[in-house]
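The values are calculated or read from the model by the stated rules, or taken from the named source; none is laboratory data. These numbers were taken from a predicted model, which means no experiment stands behind them. Every residue, glycine among them, receives a Cβ derived from its backbone with ideal geometry; neighbour counts consider all protein chains shown. The accessibility values were calculated without ligands, DNA or RNA, using every heavy atom of the protein model including side chains. Shrake-Rupley method; radii C 1.70, N 1.55, O 1.52, S 1.80 Å.
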Amino acid sequence: MIEIETYDLDYKIDNKNYKGYVAHPQEAEALNTILIASAWDGRSELSCKHAVKLAQQGYTCFVLDVYGNGRVGKNPEENESLMKPLVQNREELLKRLKGGYEKAIQLKQVNVDKVVALGFCFGGLCVLDMARAGLNLKGVVSFHGLYSKPNETNTEINSKVLILHGYKDPLIGVMSGTSTQQQVVLIQEELSLRNCDWQFISYGDGYHAFTNPNANDMNSGTVYDALISKRSWDATHLFLTDCFG
């Protein structure tokens, strides 16, 4: 097994402290790189586990921090209070995402021209916004993410996009104030309008958070599904091969 080095990485945006998490093979330099945008709970243990697992496959990984100081919410109410201001202020969210991206690409273990971003739930919205903003990303993957546009700009999206969607996910519609199916149509229309190379996979039995083993609340529509999680990761690995060549 590949020996992995992991550590927290402090950085500042507008004089506020942020704490990313880095995982990469020991003594590595300029590897294909994966940025990870976490769910609404912040830079969680699960995100860091994803980073370690991917690093063991030979990638440099950097878990972004958008709440500051590596903060992690303790319950759904706190998670929502952390996420909501950024969903409502996409310029501020993008500033924090760019700040993390710019810190990550300074690492010697990062190949700046071979970077892909993965996002989960709220993080799915984050990586779509990174692609929309034209960051130098080969591709982005949204796992059970949110789709709403931050603005009306329709410049081309040069990053490849893979969206992994749970057909029974109710939260996409709830968070946008519309229906989930309307959001699905709108994101596909937007990506097509912006000449994006995009893929959209809908899992028929999938709910929100289908990759998260701790998701078990049918009432809220957040339900882990081991088979769908495996299928989504299989699709992601094919996508990474496509992006990195």
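Close amide H pairs (under 5 Å, H built 1.01 Å from N) link Ile105 with no residue at least 5 positions away or on another chain. For the range 75-83, 3J(HN,Hα) computed residue by residue from phi via the Karplus equation (6.51, -1.76, 1.60; θ = phi - 60°) reads 7, x, 5, 5, 4, 5, 5, 7, 6 Hz, glycine and proline entered as x. Between Cys48, Cys61, Cys126, the Gaussian network model of the chain with springs among Cα atoms under 10 angstrom shows the greatest mean-square fluctuation at Cys48.
Counted by Cβ distance under 11 Å from Val116, the other residues give a net charge of +2, where Lys and Arg count +1 and Asp and Glu count -1.
Shape of the range 130-245 from its Cα gyration tensor (a ≥ b ≥ c, root eigenvalues): rounded if a/c is under 1.5, otherwise prolate when a/b > b/c, or oblate?
Numbers: a/c = 2.35, a/b = 1.28, b/c = 1.83.
The shape class here is oblate.
Using heavy atoms of the protein chains and a probe of 1.4 Å, the accessible area assigned to His208 is about 20 Å². Among the protein heavy atoms, those of Lys103 account for about 60 Å² of accessible surface (1.4 Å probe, every chain in place). The C-alpha atoms of the chain define a longest principal axis, and helix 90-104 lies at about 30 degrees to it.
For Gly42, the residues 5 or more places off, or on other chains, whose built amide H falls under 5 Å of its own are Gly73.
For the range 178-194, 3J(HN,Hα) computed residue by residue from phi via the Karplus equation (6.51, -1.76, 1.60; θ = phi - 60°) reads 10, 9, 4, 5, 5, 5, 4, 4, 5, 5, 5, 5, 4, 5, 5, 4, 8 Hz, glycine and proline entered as x.
Rounded to the nearest 500, what is the chain's calculated 222 nm mean residue ellipticity when only DSSP H runs of at least 4 contribute -39500 (n - 2.57) each, over all residues? Walk me through the intermediate numbers first.
On the way: 7 runs with 89 residues, N = 245.
It comes out at -11500 deg cm²/dmol, rounded to the nearest 500.
Pull out a ≥ b ≥ c, the square roots of the eigenvalues of the alpha-carbon gyration tensor of the range 49-163, then state rounded if a/c is under 1.5, prolate if not and a/b is larger than b/c, and oblate in the remaining case. Each step should come with its number before you reach the end.
On the way: a/c = 1.62, a/b = 1.13, b/c = 1.42.
It is oblate, given that a/c is not under 1.5 and a/b is not larger than b/c.
Express in whole angstrom the spacing between the alpha-carbon centres of the range 1-58 and the range 106-171. Using only Cα atoms to place each centre, the spacing works out to 17 Å. Computed on the chain, with alpha-carbon pairs under 8 angstrom and 6+ residues apart, the relative contact order is 15 percent. In degrees from 0 to 90, rounded to the nearest 10, what is the angle of the helix 45-55 Cα long axis to the longest principal axis of the chain? For helix 45-55, the angle is close to 60 degrees. Measure out, as a whole number of angstrom, how far apart the alpha-carbon centroids of the range 83-103 and the range 182-245 sit. Their Cα centres are 22 Å away from one another. Coupling constants for the range 231-245 follow from the phi torsions by the Karplus curve (6.51 cos²θ - 1.76 cosθ + 1.60, θ = phi - 60°), and in residue order they are 4, 5, 5, 4, 4, 5, 5, 5, 5, 4, 4, 4, 5, 8, x Hz; glycine and proline get x. Net charge of the neighbourhood of Glu91, taken over other residues with C-beta under 11 Å away and scored Lys/Arg +1, Asp/Glu -1, is +2. For Gly166, the amide hydrogen comes within under 5 Å of the amide hydrogens of His144, Tyr203, counting only partners 5 or more places away or on other chains and with H modelled in the peptide plane. Sorting Glu27, Glu190 on solvent-accessible area from highest to lowest, probe radius 1.4 Å, gives Glu27, Glu190. May I ask for the angle, rounded to the nearest 10°, between helix 122-132 and the longest principal axis of the chain, with both axes built from Cα atoms and the value confined to 0 to 90°? Here the helix axis deviates by roughly 80 degrees. Count charges around Tyr207 for me, please; just the other residues with Cβ under 10 Å from its Cβ, Lys/Arg as +1, Asp/Glu as -1. Here the count lands on -3. The heavy atoms of Met218 present about 110 square angstrom of accessible area, all protein chains included, probe 1.4 Å. Shape verdict for the chain, please, from the Cα gyration tensor: rounded (a/c under 1.5), prolate (a/b greater than b/c) or oblate. Since a/c stays below 1.5, the shape of the chain is classed as rounded.
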